[in-house]
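Since the structure comes first, as structure tokens, the remarks are kept for the end.
No lab work stands behind these numbers, since they all come straight from the coordinates. None of these values were measured; they are calculated from a predicted model. For neighbour counting, all protein chains shown are included, and Cβ atoms are generated from backbone atoms with ideal geometry for every residue, glycine included.
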Amino acid sequence: MKIKDIFKHNEEWVAEQLRMDPNYFKKLSVGQKPKYLFIGCSDSRVSADIIMAAEPGDVFIHRNIANIVPSNDLNALAIINYSVNHLRVKDIVVCGHYNCGGIKVAMEARDEGLLNPWLRHIRDVYRLHKEELNTITSIHKRYDRLVELNVQEQCINIIKTRDVQKALLEKRIRIHGWVFDLKTGKLIDLKIDIEKIMRDIMDVYNLFE
């Protein structure tokens, strides 16, 4: 797609929205009240709006390589803070995807230069779950399992934050771990037991006692 095609498609989209609702953009400009915070991978094949069939204003989105939520990433932490405290989202979703390039590279012992500090977060997940992962003989299935475990660990990282802990105590937010399967187009709910995780880790990470 060429740049000029993008602007042409935009004009067509604007015309179609106005045809269906003459006040569409007037209402859109008033403000946003998204129900979801979606933390996903920057992979160009994974578009939150499309795979969720969401409309503009439905989903607040944060994306980076391999959907990581590091404790020292002010960008991710600011997104979580704003979503939870100001937008008052009801659900936080961490969504990974199979065949993730960041996951594959992190599982290979090689120097990736500037990417090394970022990939270390994924390699830490691999280290935590190495015993399970190394029993998987198929390399592709091992990649897929690390995708799932990475989603789980990022959900745990979210629970460690003060803003989310407060919202969880007030029972006004839920956390979900999903995976998008590029081969089928389907979203998979990993059904991560957030309550169990909290029971297991809050004696260490509880910021309110």
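Sum -39500 (n - 2.57) across every DSSP H segment of at least 4 residues in the chain, then divide by the residue count to get the 222 nm mean residue ellipticity, nearest 500.
-14000 deg cm²/dmol
What ranking, highest mean first, results for peptides 144-152, 115-123, 41-49, 128-136 when packing means the other Cβ atoms within 10 Å averaged over each residue?
Ranked by mean Cβ neighbours within 10 Å, highest first: 144-152, 115-123, 41-49, 128-136.
Roughly how many Å is it from the Cα centre of segment 145-180 to that of segment 27-83, as a whole number?
Result: 14 Å between the Cα centres.
Please quote Rg/Rh for the chain to two decimal places, taking the Kirkwood radius as Rh and restricting both calculations to Cα atoms.
1.01
Using every alpha carbon pair in segment 155-209, what percent of pairs falls into each 10 Å bin from 0 up to the bin containing the largest distance?
Per 10 Å bin, starting at zero, the Cα-Cα P(r) for segment 155-209 comes out as 22, 48, 20, 10, 1 percent.
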